[in-house]
Amino acid sequence: MKIVEEINKLNDSDLINIVHAEYLKDYCLKINFNDATEKVIDFEPFLLKSYHPEIKKYLNKKLFQTFSIIDGNLNWNDYDLIFPLEDLYTGKI
């Protein structure tokens with residue numbers, strides 16, 4: 001048997017969190033993470049591909065702009081729409 005070393009040994013202080021998000025235009029947000037990483041993410045392809053009406057409703061730009069940051073996560077309408085931090089961090093939603 002071979003023992004594999006655990007690669008992810010993060011402390012709570014090392015966890016990635018969103019510290020700021022800014023609406024840019026259409027369905028694009030600029031997201032800043034606590035490690036100084038900044039991503040511009042276009043959510044439009046995701047929203048257009050979805051068949052679920054609870055997700056499709058965010059094609060309404062006014063509703064899309066109502067996001068907030070709660071506990072380091074980006075979410076809409078009290079967790080009605082939320083994405084895994086890893087997906088946002090890599091820009092692959």
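No value in this document is a laboratory result; all are computed from the given coordinates. Note that the structure is a prediction, hence the values are computed from the model and not measured. Cβ coordinates were reconstructed from backbone atoms using ideal geometry, including for glycine residues, and neighbour counts include every protein chain displayed.
Taking 22 Å as R0, compute the FRET efficiency from the Cβ-Cβ separation of N60 and D87 and round it to 0.05.
Working: r = 22 Å, r/R0 = 1.01.
The pair N60/D87 has a calculated efficiency of 0.50.
Taking the charge dipole of the chain about its Cα centre, with +1 at Lys and Arg Cβ atoms and -1 at Asp and Glu Cβ atoms, the residue from N32, A21, F46 reaching farthest to the positive side is F46.
Near the amide H of L74, within less than 5 Å, lie the amide hydrogens of F83, all on another chain or at least 5 residues away, with H placed in the peptide plane.
With loop defined by DSSP as not H, G, I, E or B, and exposure as at most 15 other Cβ atoms within 10 Å, which is the longest segment of the chain clear of exposed GluC sites (Glu not before Pro)? It runs 7-93.
Over the chain, DSSP H runs of length four or greater, each weighted -39,500 (n - 2.57), average out per residue to a 222 nm ellipticity of -4000 deg cm²/dmol. Relative contact order of the chain, taken over Cα pairs closer than 8 Å and 6 or more residues apart, is 22 percent. For the stretch 12-90, a simple Cβ point-charge model (Lys and Arg +1, Asp and Glu -1, everything else neutral) yields a dipole of about 560 debye relative to the Cα centre. Lys-Lys pairs in the chain that are eight or more residues apart or on separate chains and whose Cα atoms lie under 16 Å of each other come to 9.
Rounded, prolate or oblate: pick one for the stretch 20-93, where a ≥ b ≥ c are the square roots of the eigenvalues of its C-alpha gyration tensor, a/c under 1.5 means rounded, and failing that, prolate if a/b is larger than b/c, else oblate. Cα axes put the stretch 20-93 in the prolate bin.
For K39, what is the net charge nearby, where nearby means another residue's Cβ is under 14 Å from its Cβ and Lys, Arg count +1, Asp, Glu -1?
-4
Report the paramagnetic label zone for N34: residues of the stretch 62-93 whose backbone N is under 15 Å from a point 7 Å from Cα along the Cα-to-Cβ axis. Residues 69-74, 85-86, 89 fall inside that zone.
The length gained on full extension between I16 and Y51, counted as 0.36 nm times the residue separation minus their Cα-Cα distance, comes to 9.6 nm. Within the stretch 58-93, the chymotrypsin sites (Phe, Trp or Tyr not before Pro) that combine a DSSP coil assignment with at most 12 other C-beta atoms in a 10 angstrom radius are Y79.
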